């Protein structure tokens with residue numbers, strides 16, 4: 001993996017983890033997809049490969065199996081009371097891990113100077129599953145334990161602050177996501 005790629009991937013995985021906690025159904029999925037596209041664009045630039053948004057969207061959809069799983073978790077949030085907590089936990093963990101995996105696989109494609117549109121996703125499915133596992137490990141480590149457990153607002157703020165201190169987030173990104181978390185109070 002090219003120097004700088006891992007930092008881009010980890011930053012976007014953390015941002016996706018945070019976005020997964022957005023309590024508004026479907027908005028979280030849209031935000032995570034936008035973060036994944038931004039990550040692909042940054043990785044393509046790092047590797048000197050042309051990037052097209054349409055190819056990026058198709059790559060993400062084919063690799064992750066579409067947004068259906070994430071959308072299901074997102075829609076759980078519409079259940080009054082517990083919905084936003086349960087949906088946020090599942091979507092956040094999945095979002096962070098899949099973003100990490102999408103980034104790893106994209107690097108393999110970009111290392112060959114290939115266009116995302118020209119890739120046979122079937123060749124990458126096994127690698128993707130392994131990358132998701134590594135993504136879950138990263139998210140769990142970043143979260144200070146098991147990322148699937150209930151995460152309080154104070155824990156989310158601590159995770160966000162850790163990402164900022166580890167230089168995974170800019171000050172503006174930190175402030176933006178902190179405000180979104182605090183809006184949930």
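Annotations
- From the options 158, 106, 163, residue that is closer than 22 Å to residue 3 by Cβ, at pLDDT below 85 and assigned to a helix (DSSP H, G or I): 163
- Single residue of 20, 88, 48 found to be within 15 Å of residue 180 (Cβ to Cβ) and at pLDDT 65 or above: 20
- Meets criteria (at pLDDT below 95 and at positive phi) for residue 14: no
- Close pairs from the stretch 108-128: first on the phi > 0 side of the Ramachandran plot and in contact (Cβ under 8 Å) with a residue 24 or more places away in the chain, partner surrounded by 16 or more Cβ atoms within 10 Å (Cβ to Cβ) and in a helix (DSSP H, G or I), Cβ under 8 Å, at least 6 apart: 113/47
- Only a single criterion out of (1) modelled with pLDDT under 85; (2) under 19 Å from residue 132 (Cα atoms) is not satisfied by residue 63, namely (1).
The values are calculated or read from the model by the stated rules, or taken from the named source; none is laboratory data. Predicted model, so just to flag it, every value in this text is computed and none were measured. No Cβ is skipped: glycine too gets one built from the backbone with ideal geometry, and neighbour counts run over all protein chains shown.
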